[in-house]
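Participant: This is the structure I want to talk about, given as structure tokens.
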């Protein structure tokens, strides 16, 4: 899915908590068994595309949250898209999801293989955004949990200081 990107101002103003790093990093986690497909595709794919292909080799996320992101949570700054149409990244290297994987006791988490086979992919946010804009790909980030019905989604790097 390729669409022309445009900038929006739909985020609420919040007090700045911490300075935004000059070169913020973003992180994507996946199971090591998924790397063959990722390398073969030459790219990370969004959950909607992965689901349409029959799913990943190993799913490490929570099925209900993935379903909600694909089917229900709209991205207001890019009309007609859902959260599941975007590749999920975290702004911190150790996410709540990793903790849930470690605990292996959440009823909606079918994966029970622990953190050892989880691969952490790191990228420079600015380089990813520059790539997306060159390729005319949409990109966004959320101010909090993108699986929440009340999530606020932004598409301008000038809003990074509003992340919770």
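Each value in this text was obtained by applying a stated rule to the coordinates, not by laboratory testing. Model, not experiment: these values are computed from the prediction. Note that we place each Cβ from the backbone using ideal geometry, even for glycine, and neighbour counts take in every protein chain shown.
Participant: In what order do 89, 141 fall by count of nearby beta-carbon atoms within 10 Å, going from fewest to most?
Facilitator: The order, fewest Cβ neighbours first, is 89, 141.
Participant: Got a sec? How would 135, 25, 159, 82 order by Cβ neighbour count within 10 Å, fewest to most?
Facilitator: By the 10 Å Cβ count, ascending, the order reads 135, 25, 82, 159.
Participant: For the pair residue 94 and residue 18, what calculated FRET efficiency results from E = 1/(1 + (r/R0)^6), where r is the Cβ-Cβ distance and R0 = 22 Å, to the nearest 0.05?
Facilitator: Computed FRET efficiency for residue 18 and residue 94: 0.85.
Participant: Assuming a viscosity of 0.890 mPa s and a temperature of 25 °C, what translational diffusion coefficient in µm² per second does Stokes-Einstein assign to the stretch 20-70, Rh being the Kirkwood radius over Cα pairs?
Facilitator: Rounded, D is 198 µm²/s.
Participant: While we're here: State the dimensionless ratio Rg/Rh of the stretch 51-103 (Rg: radius of gyration of Cα atoms; Rh: Kirkwood radius).
Facilitator: 1.00
Participant: Let me ask something else about it. Taking 0.36 nm per intervening residue step and subtracting the Cα-Cα distance, what contour gain separates residue 49 from residue 135 on full extension?
Facilitator: Answer, rounded to one decimal: 29.2 nm.
Participant: Can you compute the radius of gyration and Dmax for the stretch 25-162, using only the Cα atoms, both in Å?
Facilitator: For the stretch 25-162, the Cα radius of gyration and maximum Cα-Cα distance read 14.7, 42 Å.
Participant: Helix 125-134 against the longest principal axis of the chain: what's the angle in degrees, Cα atoms only, rounded to the nearest 10?
Facilitator: 70
Participant: When the Kirkwood radius is taken over all Cα pairs of the stretch 114-164, what Stokes-Einstein diffusion coefficient follows at 25 °C and 0.890 mPa s, in µm²/s?
Facilitator: It comes out at roughly 190 µm²/s.
Participant: In nanometres, what is the gap between the two model label sites at residue 63 and residue 160, each 7 Å from Cα along Cα-to-Cβ?
Facilitator: 3.8
Participant: Express in nm, to one decimal, how much length is gained between residue 121 and residue 28 on full extension, taking 0.36 nm for each residue of separation and deducting their alpha carbon distance.
Facilitator: 33.0 nm
Participant: Neighbour counts of other C-beta atoms within 10 Å: give me 53, 67 arranged from fewest to most.
Facilitator: Ascending number of Cβ neighbours within 10 Å: 53, 67.
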